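Visitor: Would you mind keeping the following structure in view while I ask a few things?
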């Protein structure tokens, strides 16, 4: 079973990710999957800790969420925390954000990324990124 964690403070973006990932699974004829939705970096971290023995296959995280982690973005803090868990070394992480320096942040964290503007303007590229990271 594939497990996905979506971390975004925007309800619309959580629905966007969930719906498109469900379409990817439907098109790949995969019916055993679980998608968890969280609203902050801190809540995402709690879900990662609760699922440490059976880690997520992919995590999609926004960068700009709660402001508790200044000068870092909450998503940056969250990704750094996930990378400390040995069980999560093989988990694919995609940052999906409207942040102007998303590429530099993703590269510094050694994770994949897709700008939100691209996700909405080119849904096929967004889905391809999901498919690639899930290894489908």
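The values are calculated or read from the model by the stated rules, or taken from the named source; none is laboratory data. Values in this document were obtained by computation on a predicted structure and should not be read as measured data. Cβ coordinates were reconstructed from backbone atoms using ideal geometry, including for glycine residues, and neighbour counts include every protein chain displayed.
Visitor: Check 7, 24, 48 and return the single one that is over 21 Å from residue 83 (Cα atoms) and in contact (Cβ under 8 Å) with a residue 24 or more places away in the chain. Working first, answer last.
Guide: Numbers: 7 fails: over 21 Å from residue 83 (Cα atoms); 48 fails: over 21 Å from residue 83 (Cα atoms).
Answer to the selection: 24.
Visitor: Okay, moving on. Those residues that are closer than 23 Å to residue 81 by Cβ and out of contact with any helix residue (DSSP H, G or I) (no Cβ under 9 Å at 6 or more places or on another chain), I need them from the stretch 111-136; list them, please.
Guide: Selection gives 133 alone.
Visitor: Let me ask you something else. Looking at 54, 19, which is the one that is surrounded by fewer than 17 Cβ atoms within 10 Å (Cβ to Cβ), modelled with pLDDT of 95 or more and either in contact with a strand residue (DSSP E or B) (Cβ under 8 Å, 6 or more places away or on another chain) or farther than 24 Å from residue 77 by Cα (or both)?
Guide: Sole residue among the options that is surrounded by fewer than 17 Cβ atoms within 10 Å (Cβ to Cβ), modelled with pLDDT of 95 or more and either in contact with a strand residue (DSSP E or B) (Cβ under 8 Å, 6 or more places away or on another chain) or farther than 24 Å from residue 77 by Cα (or both): 19.
Visitor: Also, quick follow-up: What tally of residues in the stretch 57-81 results from selecting those that are under 11 Å from the mean Cα position of the chain (by Cα) and crowded, with 20+ Cβ neighbours inside 10 Å?
Guide: So the first thing to find is which residues in the stretch 57-81 are under 11 Å from the mean Cα position of the chain (by Cα), and the list is 57-63, 75, 78-79.
Checking the rest, the ones that are also crowded, with 20+ Cβ neighbours inside 10 Å come to 58-63, 75, 78-79.
Total meeting the criteria: 9.
Visitor: Answer yes if at least one residue in the stretch 24-44 is at pLDDT 95 or above, exposed (fewer than 15 other Cβ atoms within 10 Å of the Cβ) and either in contact with a helix residue (DSSP H, G or I) (Cβ under 7 Å, 6 or more places away or on another chain) or farther than 18 Å from residue 129 by Cα (or both), and no otherwise.
Guide: So far as the stretch 24-44 goes, yes, one or more of its residues are at pLDDT 95 or above, exposed (fewer than 15 other Cβ atoms within 10 Å of the Cβ) and either in contact with a helix residue (DSSP H, G or I) (Cβ under 7 Å, 6 or more places away or on another chain) or farther than 18 Å from residue 129 by Cα (or both).
Visitor: Same structure again: Would you tally the residues in the stretch 79-136 being in a helix (DSSP H, G or I), touching a residue at least 60 places away in the same chain (Cβ under 8 Å) and out of contact with any strand residue (DSSP E or B) (no Cβ under 7 Å at 6 or more places or on another chain)?
Guide: Initially, the stretch 79-136 is screened for residues in a helix (DSSP H, G or I), giving 79-82, 86-88, 102-109, 116-121, 123-134.
Next cut, touching a residue at least 60 places away in the same chain (Cβ under 8 Å) only: 116, 119-120, 123, 126-127, 130-131, 133-134.
After this cut, where a residue has to be out of contact with any strand residue (DSSP E or B) (no Cβ under 7 Å at 6 or more places or on another chain) as well, the list is 120, 123, 127, 130-131.
Within the stretch 79-136, residues that are in a helix (DSSP H, G or I), touching a residue at least 60 places away in the same chain (Cβ under 8 Å) and out of contact with any strand residue (DSSP E or B) (no Cβ under 7 Å at 6 or more places or on another chain) number 5.
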